[in-house]
Amino acid sequence: MQKDSIKNIQNQIFNILKKNRSFRSKDFKYNNNIVEDSGLDSFEIMSFIIEIESFYSISFNPEDLLHEEMHSIEGLAKYIKSN
């Protein structure tokens, strides 16, 4: 995988989120909680995570996803950048 900048990763994550019809993009910031603020249901959240894993050729540990910092675009981007 090519090492993208944090900003590029954040933008790509946001673009993946926008594919979901339920996503409430208006006023959504990169530090918002995806689980609580995006409008996605649990199935859409899981589909989103799977798409991120596929796009970046990574695999999240279930325990990692429990950490609060992983619930935002900023946190996910930092995790992806470091792996």
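Every read-out reported here was derived from the displayed coordinates using simple, explicitly stated rules and does not represent laboratory data. The shown structure was predicted, so the numbers you read here are calculated from the model rather than taken from an experiment. Every residue, glycine among them, receives a Cβ derived from its backbone with ideal geometry; neighbour counts consider all protein chains shown.
A few remarks follow.
- Candidates Ile80, Ile50, Ile13, Ile6: the one that is surrounded by fewer than 16 Cβ atoms within 10 Å (Cβ to Cβ) and touching a residue at least 60 places away in the same chain (Cβ under 8 Å) is Ile6.
- Considered as a group, the residues in the range 4-24 that are of a type in the set (S, T, N, Q) and touching a Phe, Trp or Tyr at 6+ places or on another chain (Cβ under 8 Å) include one that is nearest to Met70 (Cα to Cα), and that residue is Gln10.
- Residue among Ser59, Ser47 that alone is under 12 Å from the mean Cα position of the chain (by Cα), small (Gly, Ala, Ser) and either under 20 Å from Asn83 (Cα atoms) or in a helix (DSSP H, G or I) (or both): Ser47
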